[in-house]
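A.B. asks: After the structure tokens below, expect a handful of questions from me.
The values are calculated or read from the model by the stated rules, or taken from the named source; none is laboratory data. All values derive from a computational prediction rather than experimental measurement. FYI the Cβ positions are ideal-geometry reconstructions off the backbone, even for glycines, and counts take in every protein chain you see. The accessibility values were calculated without ligands, DNA or RNA, using every heavy atom of the protein model including side chains. Shrake-Rupley method; radii C 1.70, N 1.55, O 1.52, S 1.80 Å.
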Amino acid sequence: ELGWISKVYVNRPAVVRHAEQIKKWKTLKGNWQAAWLLKAVTCIDLTTLSGDDTASNVQRLCFKAKHPIREDLLKALDMHDKGITVGAVCVYPARVSDAVNTLKAAGCNIPVASVAAGFPSGQTPLETKLAEIRLAVEYGAREIDIVISRSLVLTGQWEGLYEEIRLCRAACGEAHMKTILATGELGSLANVYKASMIAMMAGSDFIKTSTGKEVENATFPVGIVMMRAIKEYYWQTGYKVGFKPAGGIRTAREAITWLMLVKEELGVEWLTPELFRLGASSLLGDIEQQIFYHVTGTYALQHELAMA
Amino acid sequence: PTGNTALVLSPPAAAPPLLLLGELSGEGAALPPGVLNVLAGPLGLCQALRAHPEVTSVTFLGAPQEELQALVWGSPCQGPRLGGPRGGRVVVIVLDSADLDSAAAAIAATTATPPALFPGGGCVVLTQDTVIAARERRLRARLGGLRLGDPTDPKTEVGPLPPGTLPPEEVVQEAREEGAQVFQAPLPLLPEGGHRFYPPTLISGVAPTSRCLREPAPGPLLVLLPVRGPTEAVAVASALPQTAAAAVWAQDITVALDTADRLPQGLVWLNALDLLDPSGSCAGGAADTDLDEALREFGCPPWEEPRKVDEPLSPLVTVDDPGDPELAQAVAAARGATLRWGRLPGASRARVLRGASAALGGGHGTPKDGDNGDTDGSLQRALLRWAARVERAGGAVQEVPGGRALVTRRPLGVLGVAWGWRRPLALRLLLPALALGNCVVVVAPPGGGGAAQRLRKALVAAGLPGDALTVLPGNSRGSGSQLARQHPDGLWICGGDADCDWASAVSVPRVWGVPEGVLGGPGQDPAPGAERELELRCTRPHCLWLTGGGP
């Protein structure tokens with residue numbers, strides 16, 4: 001429905017000002033901080049997307065995904081029996097079968113997410129994109145993160161964008177689809193809003209800010225705009241779409257700020273792994289450090305925490 | 001600022017912050033002892049203050065209290081009499097090309113913590129019809145998310161009502177009875193003292209006759225009104241009483257600038273709300289407060305008093321006062337003329353002045369008008385000088401947080417001048433007011449020949465609207481009150497005889513007791529500081545705050 005996006009106005013300075021204020025929110029301390037950090041852990045999509053990924057480092061990642069925080073730390077917080085794992089494991093399509101096999105052998109039910117559709121640039125023909133998605137689903141991925149063609153947004157071809165995402169959704173079949181908008185390359189906040197709406201209308205289960213490979217990844221103004229689009233879509237259709245900021249989130253403090261922002265803009269219902277994910281790789285290490293500090297009172301040395 | 005010492009008197013309830021200020025200013029030798037003194041006491045102390053021989057000027061700040069103002073008004077001490085900021089609300093205009101989410105976020109934040117300069121009153125939001133449903137939904141969601149609690153705790157956003165104010169329960173109740181929809185965010189568990197908290201409230205579906213719009217009520221109250229378009233928004237915003245600032249939200253830049261320009265409020269934010277300028281020059285103020293001038297007055301006049309020269313006094317002439325209907329007609333006509341004269345750009349007005357000067361030059365200047373120095377020659381010079389000033393008077397661009405602010409001065413509108421000195425009317429006093437776009441109604445004892453009529457004829461011939469300058473003969477005694485009763489936008493009182501009483505002056509926003517030396521001695525040009533003072537006195541500040549594009 002093109003009518004929904006024809007009257008979109010976003011005032012950039014106002015959004016940036018709002019984002020600045022968010023950074024000044026008071027930090028949490030003590031048990032509250034630990035609780036929010038554990039919540040953040042359950043929402044992480046533990047990611048490895050490098051050229052030099054092989055079966056061994058993917059295996060290591062999967063084990064870390066099953067035990068993200070050291071057992072004794074969890075015992076100290078009395079959370080060891082709550083089944084704290086990350087939200088998903090995110091890898092390239094070629095590594096999906098390794099991940100799936102490792103997780104099955106470890107007896108773990110975490111979904112494996114695969115990036116697809118010409119990740120990260122999206123500049124590949126539509127047929128190869130669809131083929132990639134189908135193959136990833138065949139290998140066992142239960143979630144697919146697709147990338148949109150930024151050129152369609154920048155040239156204003158909204159119907160073309162809708163069609164592309166719709167076809168990808170059909171190719172995903174049963175798998176759950178996240179649409180990566182690559183907001184750093186979309187040019188303006190109004191374009192981000194419009195692209196979010198089109199992605200939601202075409203059937204995405206989640207919208208994701210960025211691939212993590214752009215110059216500018218997940219920033220608060222972009223996050224605010226996308227969350228407002230999600231809220232508007234929910235008001236119009238009653239359908240809840242999830243949100244995933246990815247790229248550039250490295251510290252535990254930022255993770256908590258994202259959670260607080262979601263609570264303010266979208267509401268408490270969105271604070272679950274079904275509707276909110278954090279795309280990160282080194283974030284888990286920092287969160288574990290903070291929890292270690294909370295439990296023991298000192299920071300851990302590098303070898304004391306398991307490497308991802 | 002310029003070497004004055006201050007004695008601050010406050011009611012006991014509001015004393016602690018002021019006493020703290022007094023203490024702090026003494027520590028660390030920030031101010032020498034004795035410069036800032038704070039006394040907390042009952043109203044009776046004001047009488048004593050007024051009567052004390054060494055007190056030179058008295059002012060007050062805060063909500064108008066009748067007894068207090070009456071005390072101060074009749075004070076024998078010289079110096080400015082003025083009212084402090086009379087409080088005010090913020091009017092927010094949201095047009096259909098606005099970023100609704102950002103506007104809602106900003107409005108909710110302002111409702112929660114009202115800006116320091118405009119306490120009390122909450123916000124009135126005028127929204128264009130096409131987007132009103134979307135706005136309402138967003139505002140409700142935002143208001144529901146505000147957290148009430150201890151104001152010093154940074155996690156909470158809404159604090160308790162200020163001390164001494166009643167919760168606006170009656171106002172809300174009246175609104176409900178009129179059939180408006182009232183949405184109140186649910187109150188969470190409150191700490192002790194919880195009855196001082198009032199939940200953020202959104203009232204929609206009221207008309208401007210409703211009580212919640214006629215007077216500002218303290219507390220987090222938000223009133224939503226639909227308007228059909230930018231023109232209607234400007235009309236409604238101009239008709240709301242006691243508004244201190246305004247904000248226009250629209251992404252369409254021409255519409256936004258146009259609307260912002262037509263608003264009467266002294267401070268207009270564009271796509272922002274509640275941004276404050278640390279340097280203080282953009283405090284703005286409504287059409288009916290003069291905060292920055294009030295503060296500026298405590299200093300020396302920006303010129304030196306000229307030596308007093310003995311001038312021959314003209315004999316007191318008694319004449320019938322202009323009747324009230326006559327005055328009313330003159331003021332109404334002047335008000336009609338302000339639309340044409342006041343909205344002309346400075347260059348056109350300068351052209352009129354120059355034309356008048358040329359016309360006067362061709363006339364016969366008789367030396368017998370010389371008592372007050374108003375020879376035709378000096379009038380001509382004054383006309384040319386003011387024409388040059390008006391052309392240059394553009395305003396300033398101030399860098400402020402969020403962008404840039406355009407600070408300009410706008411004409412007051414209808415200026416009444418009550419002449420009470422024992423000299424014939426000094427026409428040079430009227431020139432600045434006319435030049436800067438006001439329309440002037442003067443009540444003065446007749447005298448000085450036909451100078452006034454000649455000047456008027458010259459100006460009208462050059463293009464001034466006929467009603468822009470009216471000189472009515474009348475007794476000086478009490479002419480101030482008479483003029484004040486007609487509600488001009490500004491009143492200049494020249495001389496104690498023409499003084500007006502408090503009861504009439506309360507309706508006039510800006511009253512100035514013109515000091516004797518402002519025009520310089522007879523035959524002299526006024527001092528440079530005096531010209532600026534005159535300029536400031538017949539205009540009010542207007543600040544347009546543009547966001548985006550600044551540092």
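A.B. asks: Using a 1.4 Å probe and counting only protein heavy atoms, how much accessible surface gets buried when A and B come together, both sides summed, in Å² to the nearest 100?
C.D. replies: The summed interface area works out to 1600 Å².
A.B. asks: Residues with beta-carbon under 12 Å from that of A:F292, excluding A:F292: net charge, scoring Lys, Arg +1 and Asp, Glu -1?
C.D. replies: -3
A.B. asks: Ok, one more. Which of the residues in segment A:1-36 show a loss of at least 50 Å² in accessible area from their chain by itself to the complete set of protein chains, at a probe of 1.4 Å?
C.D. replies: A:Y9, A:N11, A:R17, A:K26
A.B. asks: Tell me which residues come under 5 Å, amide H to amide H, from A:V147 once H is placed; ignore anything under 5 positions away on its chain.
C.D. replies: A:A116, A:I180
A.B. asks: Mind listing the phi-derived Karplus ³J(HN,Hα) values for segment A:269-278, rounded to whole Hz, using 6.51, -1.76 and 1.60 with θ = phi - 60°, and x for any glycine or proline?
C.D. replies: 4, 7, 8, 9, x, 6, 10, 8, 9, 10
A.B. asks: Each residue of segment B:324-330 in order: what ³J(HN,Hα) in whole Hz does its phi give by Karplus 6.51 cos²θ - 1.76 cosθ + 1.60, θ = phi - 60°, with x for Gly and Pro?
C.D. replies: Per residue, the Karplus-derived 3J(HN,Hα) values read 4, x, 4, 4, 4, 5, 4 Hz.
A.B. asks: Please list, in chain and number order, the residues 5+ apart from B:V440 or on another chain whose amide H is under 5 Å from its amide H, with Hs placed from the backbone.
C.D. replies: B:L415, B:L469, B:T470
A.B. asks: Given the C-alpha centroids of segment A:56-90 and segment A:211-287, what is the distance between them in whole angstrom?
C.D. replies: Rounded to whole Å, the Cα centres lie 21 Å apart.
A.B. asks: With axes computed from alpha carbons, what is the tilt in degrees of helix A:158-172 against the longest principal axis of chain A, rounded to the nearest 10 within 0 to 90?
C.D. replies: 50 degrees
A.B. asks: Would you list A:K104, A:K23 from the most to the least accessible area, probe 1.4 Å?
C.D. replies: I get A:K104, A:K23, largest accessible area first.
A.B. asks: Moving on to the next point. How much of B:W419 can a 1.4 Å solvent probe reach, expressed as accessible area in Å² and rounded to 10?
C.D. replies: Answer for B:W419: close to 0 Å² accessible.
A.B. asks: When the accessible area of chain A is split by element with a 1.4 Å probe, what percent falls to carbon and sulfur?
C.D. replies: 52 percent
A.B. asks: Assuming R0 = 60 Å, can you tell me the calculated FRET efficiency for the pair A:E138 and B:R176, based on Cβ-Cβ distance, to the nearest 0.05?
C.D. replies: 0.45
A.B. asks: B:A98's amide H: which non-local residues (gap 5+, or another chain) put their own amide H closer than 5 Å, with H modeled 1.01 Å from N in plane and none for Pro or chain starts?
C.D. replies: Under 5 Å from the amide H of B:A98 lie the amide H atoms of B:Q251, each far enough along the sequence or on another chain.
A.B. asks: Still on this structure, I have one more. Divide by every residue of chain A the summed helix terms, -39500 (n - 2.57) for each DSSP H run of at least 4, and state the resulting mean residue ellipticity at 222 nm, rounded to the nearest 500 deg cm²/dmol.
C.D. replies: Mean residue ellipticity, 222 nm, calculated: -15000 deg cm²/dmol.
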